[in-house]
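Before any comments, here is the structure.
The values are calculated or read from the model by the stated rules, or taken from the named source; none is laboratory data. Just so we're clear, the structure is a prediction, and the values are computed from it rather than from any experiment. We place every Cβ from the backbone using ideal geometry, glycine too, and count neighbours over all the protein chains shown.
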Amino acid sequence: MTPKTFFGTHLLLTNMNTGECYTTLKKYDKLKTKYPTYVSLEQLRIICKVAKRTAKYLVANNIIPSIDTGNKTWRYKILIDDVITYLRKRDKSGSLIPVGALNSRKPARRKSSFSQEVAPGDEHKVAEYFAHIYADHPDVLRIPDVAAITGLNQKSFWRIIEAGQIKFLTVGNKYYIPKIYLLEFVASRRFIDAWSYTERFIKVLEGFKAWRQ
């Protein structure tokens with residue numbers, strides 16, 4: 001219905017129940033005519049005039065309900081009625097996406113260290129923990145095994161070897177760390193004062209904290 005003009009002023013007729021003007025309602029009716037009952041994620045993006053990332057966020061966080069089919073070609077099936085409901089809410093209240101939710105910057109990774117948990121004079125407790133947890137491991141370990149056990153990455157461990165901060169054995173061109181040397185190393189300030197943000201290292205540290213309690 002076209003708004004009537006009275007003395008040069010447009011009087012927009014409104015729906016008394018929703019408070020929406022009839023031009024807006026007509027826009028929603030056109031969407032139901034133009035699109036099928038279910039639309040795809042790409043169609044949702046076009047209808048809402050948002051970026052692909054935003055459309056995916058709306059669906060992934062159930063701001064707009066959807067059916068996840070698991071198919072590559074048409075993964076999400078979205079009711080056009082649910083899209084219209086979202087548009088109505090957005091027109092009334094503004095964006096329904098929390099501020100910063102689509103920030104592309106990754107959160108800073110938390111660094112951890114055994115020095116946060118081990119007081120001077122208690123270094124032997126770290127060796128006791130590793131001796132207890134890895135009692136079933138072989139007496140001589142390969143570098144990848146030692147890196148996994150300590151939570152340090154292999155590059156860091158090679159630097160430790162090159163700096164002579166841990167004892168090792170060589171067989172041909174291969175390096176091995178006897179478990180007794182590993183226990184000496186983890187009780188040293190070189191290991192205890194080391195900081196790392198790898199998930200493996202943090203798990204090792206959390207394991208130590210749980211074991212000590």
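When segment 160-181 is examined, which residues are found to be part of a loop (DSSP other than H, G, I, E, B) and of a type in the set (Val, Ile, Thr)?
Ile166
Looking only at residues in segment 166-190 that are closer than 17 Å to Ala135 by Cα and touching a Ser or Thr at 6+ places or on another chain (Cβ under 9 Å), which one is surrounded by the most Cβ atoms within 10 Å (Cβ to Cβ)?
Leu182
Glu199 is checked against (1) exposed (fewer than 15 other Cβ atoms within 10 Å of the Cβ); (2) among the charged types (D, E, K, R); (3) at pLDDT 90 or above and fails just one. What number does that condition carry?
All conditions are met except number (3).
Can you list residue pairs whose Cβ atoms sit under 7 Å apart, with the first residue in segment 63-81 being in the same structural domain as Tyr35 (by TED's automatic domain parsing) and the second being among the basic types (Lys, Arg) and not in a strand (DSSP E or B)? Count only pairs 6 or more apart in sequence or on different chains.
Pairs found: Asp68/Arg75; Thr69/Arg75; Ile80/Lys32.
So that you can scan it fast, the table gives a plain yes or no per residue for (1) over 14 Å from Glu206 (Cα atoms); (2) part of a loop (DSSP other than H, G, I, E, B); (3) at pLDDT 90 or above:
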| site | (1), (2), (3) |
| --- | --- |
| Arg109 | yes, yes, no |
| Val126 | no, no, yes |
| His132 | yes, no, yes |
| Asp145 | yes, no, yes |
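Does Ile64 satisfy being at pLDDT 90 or above and farther than 19 Å from Ser93 by Cα? So that I can check it myself, show each step before the final result.
Values: at pLDDT 90 or above: yes; farther than 19 Å from Ser93 by Cα: no.
Against the criterion (at pLDDT 90 or above and farther than 19 Å from Ser93 by Cα), Ile64 does not qualify.
Within segment 41-60, count every residue that is surrounded by 12 or more Cβ atoms within 10 Å (Cβ to Cβ) and either among the hydrophobic types (A, V, I, L, M, F, W, C) or at pLDDT below 85 (or both).
From segment 41-60, those surrounded by 12 or more Cβ atoms within 10 Å (Cβ to Cβ) are 41-48, 50, 54-60; that's our starting set.
Pick out the ones that are also either among the hydrophobic types (A, V, I, L, M, F, W, C) or at pLDDT below 85 (or both) and you get 41, 44, 46-48, 50, 55, 58-60.
Of the residues in that region, 10 qualify.
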